[in-house]
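Before any comments, here is the structure.
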Amino acid sequence: MDTTAPASAIATCLASEGVRYLFGMPGGGNNLDVIGACEASGIHFALAHTETGAAIMASAYAELTDTVGACVVTRGPGAASAVNGAAQAQQDRQPLLLFCDTVDEASTPRIAHQNIDQRAMFTPVTKWSTTLGSADSEQVVRDAIHTATTPVRGAVHIDVDPGYGRRHAPPPQPAESGSMSDVARLVAVARRPVILVGVGARSHSAAIRKLVDGTAIPVLMTYKAKGIVPDSGVNAAGTFTGARTDGAVLYEADLILALGLDSVELIPNPWHYQAPVVALTDAQDPYRYFDAEVTVVGPLATMLEQLPQLNDSWPADFATRRREVIDRALLDGPGLGPGIAPWDVVRIVRAAAAANSVATVDAGAHMLVAMPLWKTEEPGQVLISSGLATMGYSVPAAVGASLATADARIYCFVGDGGLAMSLGELETISRLRLPITVVVFNDSTLSLIKAKQKPHGHGGSAAVQYSRTDFAAVAAGMGIPSVTVGVEAELQAALAPNDAGPQLLDVRVHPDTYRHVIDVVRNGVAG
């Protein structure tokens, strides 16, 4: 038996897909065989500090390079620690292969140490959980790549056991369904269509731009779809999350055309809109966020070509006015004492950043200003954990994004809570000398959770308040040039040029400023 066959198969298949980086935190055993085989094939290994961080790095890398992401971790605690990273890739529709060492099948009846059923553990959070052994190793890896990259994209977990002699068939793909003739009938009578674009449409930007070219048809984009139409264009009406702010556009529509929309991205609000919904998607959505009049499942590129011309009776500046109303509402918040308002943090950083810069955004209250105010012209210029909405995402995502886009500075927006979860990866940024600016919204508070507290009860400050941490000092100790900023002029002066190395900006913000942001999102704005 060739015990190196699985590692060689992994390296061969990843190299043929154009993968340039393998991320991970290895243990012993076949982890090191996988790393060695990949390095021999020209694939660099990027060492992380946590398994979840490594998986997030790999999934962000995959999103920006349109290849599969690859991550290697050890058995037992390493695999268990990677579950959140696999779940994030799965729910954010990012193609990820997670290779885990495992107690080999022959030893399982005897060995209890670090022996957990990893395939069972990963099954609920991946598209496929399987074992790679000596039987037809390359085909198993190719099956895994195909599964991860076929809509709906997601994560595949692979236990690497060189002594394993069987092979598991990959899961079947969804069949096509629906009728484009029914779509054409509804499109023909609509005069004020609105287009919703989601994560499944990310690779179809050119076709969607062509669809609305020369029209004033509003396009609302989910977080993962930002940039499919440029924010500077006449069609961009803002982000679509399922919040009340969407209603100003959707209540005016007589047809809602959902393209690649995946309900995993939408917050759990009721659907009040009366316009019929037409959904075109590469893969069936098992959830019913709304009841579509017509759903067609099939190759989205083909369906976009078959769509008839859309009628347009929208005012020429409708989408632009709606977008500007939201921006003004966010930027017109009150000043509340010392520190910089979170909306001004994003405004200042975006103004200083090059056009091709990429932002990574963590979960937390700051995302509610970062996502609408970080203007994008192309897909992939902002990354966020949308489906899982996990804290601790943006720092490791910045590492993966930086290795995927060598010519762009990455701006990592993160709250103090999320940074504390991923603090070790600052050393990764320092060690690799990556052009990443980490912008910490430091208010020592879980601000989004605080906004959900009732005035009396729910734990009070003990449930949401941290003591102040000097993140600039921590980052400096890891070799990252850092500064604490408390006023706008200091922030503007501190931002590094695009060709510089890493930096961290510990920005002091007032926690109560987020009340204004929450009010805008919850209650909508008049326009």
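FYI, it's all coordinate maths here, none of it is from the lab. Keep in mind that what you see is a predicted model, and the values were worked out from it rather than measured. A quick note on method: Cβ atoms are made from the backbone with ideal geometry, for glycine too, and the neighbour counts reach across all protein chains shown.
Could you point to the residue in H44, G29, S129 farthest towards the positive end of the chain's charge dipole, with +1 and -1 charges on the Cβ of Lys/Arg and Asp/Glu respectively? Positive-most Cα among the choices belongs to S129. Exposure proxy for D143, D254: other Cβ atoms within 10 Å of each Cβ, ordered fewest to most, give D254, D143.
Cβ crowding within 10 Å, taken as a proxy for footprinting-reagent exposure, orders S129, S205 from fewest neighbours to most as S205, S129. Note on the range 113-169: Cα Rg divided by 2.2 N^0.38 Å, N the number of residues, gives 1.13.
For the range 1-136, the fraction of C-alpha pairs farther apart than 24 angstrom is 23 percent. Computed over the range 145-256, the P(r) curve from all C-alpha pair distances, binned at 5 Å from the origin, holds 2, 9, 15, 17, 16, 13, 8, 6, 5, 4, 3, 2, 0 percent per bin. If you take the Cα centroid of the range 280-311 and the Cα centroid of the range 74-88, the two points sit 34 Å apart.
For the chain, the Cβ-based charge dipole about the Cα centre amounts to some 860 debye (Lys, Arg positive; Asp, Glu negative; other atoms uncharged). Using Cα-only point scatterers and the Debye equation, what is log10 of I(q)/I(0) for the chain at each q in 0.08, 0.09, 0.11 Å⁻¹, rounded to two decimals? Log10 I(q)/I(0), no solvent term: -0.52, -0.66, -0.97. Rg and Dmax of the range 180-316, both derived from C-alpha coordinates alone, stand at 13.3, 37 Å.
Can you sort F23, F122 so the residue with the fewest Cβ neighbours within 10 Å comes first?
Listing F23, F122 from fewest to most nearby Cβ atoms yields F122, F23.
Restricting to bridges with both residues inside the chain, how much of the DSSP beta-bridge set is antiparallel, in percent to the nearest 5? Bridges in the chain that DSSP calls antiparallel: roughly 5 percent. For F45, nonlocal amide neighbours, meaning residues 5 or more places apart or on other chains whose placed amide H falls under 5 Å from its own, are L22. All distinct Cα pairs of the range 16-55 go into the 1/r average, and the inverse of that average, the Kirkwood radius, is 10.5 Å. Here the relative contact order of the chain, from alpha carbon pairs under 8 Å that lie six or more residues apart, stands at 13 percent.
Taking the Kirkwood radius as the inverse of the mean 1/r across Cα pairs, report the Rg/Rh of the range 260-311. Kindly include the intermediate steps, with their values, before the conclusion.
Values: Rg = 12.1 Å, Rh = 12.3 Å.
With Rg and the Kirkwood Rh in hand, the quotient comes to 0.98.
Could you grab the Rg to Rh ratio for the range 365-405? Cα atoms only, Kirkwood for Rh.
0.95
The Cα-based radius of gyration and maximum Cα-Cα distance (Dmax) for the range 332-523 are 15.6, 50 Å. Candidates T12, H168, T428 compared by Cα position along the dipole of the chain: farthest toward the positive end lies T428, with charges placed on Cβ.
Work out the length of the dipole vector of the range 337-417 about its Cα centre, built from +1 on the beta-carbon of each Lys and Arg and -1 on the beta-carbon of each Asp and Glu, and round it to the nearest 20 debye.
For the range 337-417, the charge dipole is close to 100 debye.
Over the chain, DSSP H runs of length four or greater, each weighted -39,500 (n - 2.57), average out per residue to a 222 nm ellipticity of -10000 deg cm²/dmol.
DSSP loop trypsin sites (Lys or Arg not before Pro) in the range 57-147 with at most 14 other Cβ atoms within 10 Å of their Cβ, which ones?
Here the trypsin sites (Lys or Arg not before Pro) that fit, given the DSSP loop and packing criteria, are R110.
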